[in-house]
Amino acid sequence: MGVSISFISATTEELDRAEQDPSWADEYVYELYDSDDFPMPDRPHGGPDKAWAGLQFLIDETDVRLEFLMDGLPILEDGTLFVWSAEQIESVARQLRATPWEQLAAHYDPERMTKEDVYPNTWRFDPEADLYWLERAYEELVAFFTEAAERGHGAFMNFSF
C-alpha cells in the first residue's frame, strides 16, 4: 500500500464544517472518494500519491513555498486529514504555475535521494523511470491546484500511511 497524499477540492462551507466537526469531515471525504460518481467533474482531485516525498525533495530546492506535511490545518488527531483554505490553494497554484518542471528536475539527484532515504527510496533502481514518474506527479499536482484555484475551492488533503 505505502504512504501517499491525495487532494480533493472543497468549498469554504465544507472546510468550515470540517473544522467544527472532524468526524463529519472524515466520513464526508471517505464518501467523496467512495462515491459512484467519483471522479466528479466539478470537484478537482489529484496526487501526488506516493511521489510526494520525491516532489518535496525537489520543491525544497526551489522558491515554491509548499510543504505537504506542514501546510494545511490538521483535522484528525492521527494526522491523516488536513484542510487547505482557498487562499492557500490559490497561493500554491500561482507558485506551481510559475515553476516549470525543468526547474525541479534540475535538482533530481538519485544518489543523494537514496542516501537521505527519500520515500519510497527506489531512486537507484531505475533513475530515469523515477524522474518520469515524478514529472507526471508534478503535472497532476499543478493541474489539481490550478483547477481548484480557478473554482475558488480549498481542499481536503489525505495522508495515508
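The values are calculated or read from the model by the stated rules, or taken from the named source; none is laboratory data. Small disclaimer: the values here were computed from a predicted structure and weren't measured. Cβ sites come from the backbone with ideal geometry, for glycine too, and all protein chains shown count toward neighbours. Just so you know, the surface numbers come from the protein's heavy atoms only, side chains and all, with ligands and any DNA or RNA stripped out. Shrake-Rupley method; radii C 1.70, N 1.55, O 1.52, S 1.80 Å.
Things worth noting here:
- Over the chain, DSSP H runs of length four or greater, each weighted -39,500 (n - 2.57), average out per residue to a 222 nm ellipticity of -14500 deg cm²/dmol.
- Charged side chains reduced to their Cβ positions (Lys and Arg at +1, Asp and Glu at -1) give the chain a dipole of some 420 debye around its Cα centre.
- Distance between the 7 Å Cα→Cβ label points at residue 116 and residue 98: 2.3 nm.
- Averaging the sequence gap over all C-alpha pairs within less than 8 Å and six or more residues apart, then dividing by the number of residues, gives the chain a relative contact order of 41 percent.
- Count Lys and Arg as plus one, Asp and Glu as minus one, and take only other residues whose Cβ is under 12 Å from that of residue 123; the net charge is then -4.
- Where labels lie 7 Å past Cα in the beta-carbon direction, separation of residue 76 and residue 17 in nm: 1.8 nm
- Share of carbon and sulfur in the accessible heavy-atom surface of the chain [1.4 Å probe, %]: 49 percent
- Point-charge dipole on Cβ atoms (K/R +1, D/E -1) for segment 100-161, about Cα centre, debye to 20: 200 debye
- Sites residue 33 and residue 129, calculated FRET efficiency, Cβ-Cβ separation with R0 22 Å, nearest 0.05: 0.20
- Anisotropy class of segment 4-160 from Cα gyration tensor, a/c 1.5 cut: prolate
- Residue (of 35, 4, 95) at the positive-pole extreme of segment 1-128, dipole from beta-carbon charges: 95
- Cα centroid separation, segment 113-161 to segment 7-75 (Å): 13 Å
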